[in-house]
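Report on one structure; see the data block that follows.
The values are calculated or read from the model by the stated rules, or taken from the named source; none is laboratory data. Given the structure is predicted, the values throughout are model-derived calculations rather than measurements. Please note: Cβ atoms are built from the backbone with ideal geometry, for glycine as well, and neighbour counts cover all protein chains shown. The accessibility values were calculated without ligands, DNA or RNA, using every heavy atom of the protein model including side chains. Shrake-Rupley method; radii C 1.70, N 1.55, O 1.52, S 1.80 Å.
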Amino acid sequence: MKNTFKTSYFCEIVRLLEYLENTQQPAMHQAAQAVADCLEKDGLIHTFGCGHSGSVALEPFHRSGCFAAVDAVLDPGLMFQLGAHTGTDLERLEGYSPLILKRHDLRAGDVLFVFSNSGRNPAGVDAVLYAKEKGLTTIAVTAASAHVQSKSRHSSGLLLKDAADIVLDNGASKNETCLTLGGLEMAPISTIGASAVLHTVLYQAAEILAQRGVPPPVYRSSNAAGNDEHNTSLAQKYKGRIKHLD
């Protein structure tokens, strides 16, 4: 029996990663430079997303192999804890995301990543506009090539890709999927693309810091002996600024 799981979804993942590597290098390098500049000045990297895009915002937060200086903007209303339909409504509610961001320590020189496949909804656009007012560099990770003709739900008429300083394409389709079965569109792939782009940027930023002689502030595995002291020291440095670090 043919292993359709391996020959279909796995092949699409490989295709996606090749697309990202071949098309996103200049934008990823630009984003890495912004992250490195921020961290060299002891700034924070803030991450924001709604619904399933929120899982990518959570991806680098307080994690082994990632920067300690990551502040994930996590709101129960936007991440389905208050209900999936409520989360969708709040993502489309103009003015809501700035209320969440005001509870985080955003400073000029920091960087904000905003993850949204469509980039249509007010939450992401508002987050970028609010952060830019505060002097942050904003980086959108979105299905930019798939949403060239999409209509914004924000009163400004802006899509996320139009509002942000740097735009990274996650390579996904409008519907986030990569396979069809009869009339069904299945197998979401946007999270994989967004995560791949994000971790590439963060690693490249660490390389830049190392070249500058700046030790990258990276967490080590808490399951390996002797690493708790290292991680605790890093956490103490950022504890006063990162909202969900306690």
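Brief remarks on what is shown
Yes/no matrix, rows are residues, columns are (1) surrounded by fewer than 19 Cβ atoms within 10 Å (Cβ to Cβ); (2) among the polar types (S, T, N, Q); (3) more than 16 Å from THR138 (Cβ to Cβ):
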{"residue": "SER55", "(1), (2), (3)": "yes, yes, yes"}
{"residue": "GLU59", "(1), (2), (3)": "no, no, yes"}
{"residue": "SER64", "(1), (2), (3)": "yes, yes, yes"}
{"residue": "PHE67", "(1), (2), (3)": "no, no, yes"}
{"residue": "GLY83", "(1), (2), (3)": "yes, no, yes"}
{"residue": "GLU94", "(1), (2), (3)": "yes, no, yes"}
{"residue": "GLY119", "(1), (2), (3)": "no, no, no"}
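- Selection status of ALA143, open to solvent by less than 10 Å² (accessible area, probe 1.4 Å), within 26 Å of LEU20 (Cα to Cα) and free of Cβ contacts under 8 Å to residues at least 60 places away in the same chain: yes
- Here SER190 does not qualify as surrounded by fewer than 19 Cβ atoms within 10 Å (Cβ to Cβ) and either of a type outside the set (Asp, Glu) or at pLDDT below 95 (or both).
- Scanning region 85-107 for residues that are farther than 13 Å from TYR130 by Cβ, part of a loop (DSSP other than H, G, I, E, B) and among the small types (Gly, Ala, Ser) yields a total of 0.
- Given (1) outside any helix (DSSP H, G or I); (2) closer than 26 Å to PRO98 by Cβ, number of the condition ALA187 does not satisfy: (2)
- Some residue of region 64-82 being in a helix (DSSP H, G or I) and small (Gly, Ala, Ser): no
- SER53 vs. criteria modelled with pLDDT of 95 or more and small (Gly, Ala, Ser): yes
- Region 19-33 - residue that is part of a helix (DSSP H, G or I) and polar (S, T, N, Q) and, of those, farthest from the chain's Cα centre (by Cα): ASN22
- Contact map, region 21-43: residues that are closer than 23 Å to ASP105 by Cβ and open to solvent by less than 60 Å² (accessible area, probe 1.4 Å) paired with residues that are modelled with pLDDT under 95 and assigned to a helix (DSSP H, G or I), Cβ distance under 7 Å, separation 6+ or inter-chain. No pairs are found.
- Taken across region 151-162, residues that are touching a strand residue (DSSP E or B) at 6+ places or on another chain (Cβ under 7 Å), open to solvent by less than 50 Å² (accessible area, probe 1.4 Å) and in contact (Cβ under 8 Å) with a residue 12 or more places away in the chain do occur, with at least one present.
- Selection count where residues are in a helix (DSSP H, G or I) and touching a helix residue (DSSP H, G or I) at 6+ places or on another chain (Cβ under 8 Å), scope region 35-60: 7
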